[in-house]
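The values are calculated or read from the model by the stated rules, or taken from the named source; none is laboratory data. It should be emphasised that the depicted structure is a prediction, and the values quoted were computed from it without experimental measurement. No Cβ is skipped: glycine too gets one built from the backbone with ideal geometry, and neighbour counts run over all protein chains shown.
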Amino acid sequence: MSSKAVKEALKKERNRKTPFVIPMKNKKTKNKKAKPKTKYETCKTNIIGQDMRLFKQGKLKQRNKQPVTSRKQAIAIALSMAEKKCKDKKTVVDIRKENKRIRRKLSESLNPVDIRNIIEKLKELKKKKRSREYRTLKIDLLSKILMLPSINPEITKDIRRYLRNE
């Protein structure tokens with residue numbers, strides 16, 4: 001909108017008793033449907049919310065009974081507590097989402113943190129005796145690593161450590 005048009009609009013509005021609103025261009029917003037959260041996701045959000053509320057009140061404590069002062073530390077504590085408390089609430093939908101996320105990570109470039117997360121998932125699958133999923137994920141991971149032109153030494157160290165313990 002040009003400055004002349006704004007000035008004219010201001011003059012007109014001075015004569016009115018209603019408050020002035022500068023006309024803006026309409027931005028088209030996409031109406032995204034809210035996906036229903038799973039039990040695991042709702043459990044995690046509730047626990048994180050509770051912990052952050054405790055932090056704001058100054059009641060969130062460390063292991064040595066001292067109050068948490070850093071917001072980042074409070075978030076880390078909340079995430080770890082939520083992970084521990086909501087572990088048993090994972091449903092088939094949650095497991096599928098997790099598997100999709102891992103497959104997406106495998107299709108992209110890998111970094112050591114992703115590899116560690118995938119190895120944790122492999123351990124979890126082996127523990128739960130889900131051999132088919134375990135084998136396919138393990139084969140996908142190893143084939144992806146073999147296809148990499150240059151392998152990060154941290155990645156090879158993590159994989160060697162995992163394969164030795166297997």
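Of note:
- Residue that is farther than 30 Å from Ile145 by Cα, loosely packed, with under 13 Cβ neighbours inside 10 Å and in contact with a Lys or Arg (Cβ under 9 Å, 6 or more places away or on another chain), where the choices are Arg71, Arg63, Arg53: Arg53
- Some residue of segment 145-162 being within 30 Å of Leu54 (Cα to Cα) and either assigned to a helix (DSSP H, G or I) or not assigned by TED's automatic domain parsing to the domain that holds Glu41 (or both): no
- Within segment 75-95, considering residues that are outside any helix (DSSP H, G or I) and at pLDDT below 85, the one surrounded by the fewest Cβ atoms within 10 Å (Cβ to Cβ): Thr91
- Search result, residues across segment 105-115 that are surrounded by fewer than 15 Cβ atoms within 10 Å (Cβ to Cβ) and closer than 17 Å to Thr156 by Cα: Ser109, Asn111, Pro112, Val113
- Tallying residues that are polar (S, T, N, Q), under 29 Å from Asp94 (Cβ atoms) and either in a loop (DSSP other than H, G, I, E, B) or assigned by TED's automatic domain parsing to the domain that holds Lys97 (or both) within segment 34-74 yields 1.
- Scanning segment 111-154 for residues that are more than 23 Å from Ile95 (Cβ to Cβ) and out of contact with any Asp or Glu (no Cβ under 9 Å at 6 or more places or on another chain) gives Ile145, Leu146, Met147, Leu148, Pro149, Ser150, Ile151, Asn152, Pro153, Glu154.
- Test set (1) farther than 20 Å from Lys37 by Cα; (2) more than 17 Å from the chain's Cα centre (by Cα) - Ile77 fails condition number: (2)
- Within segment 116-134, the residues that satisfy the criterion of being surrounded by 13 or more Cβ atoms within 10 Å (Cβ to Cβ) and part of a helix (DSSP H, G or I) are Arg116, Asn117, Ile118, Ile119, Lys121, Leu122, Lys123, Glu124, Leu125, Lys126, Glu133, Tyr134.
- Glu13 being surrounded by 11 or more Cβ atoms within 10 Å (Cβ to Cβ), modelled with pLDDT under 65 and acidic (Asp, Glu): yes
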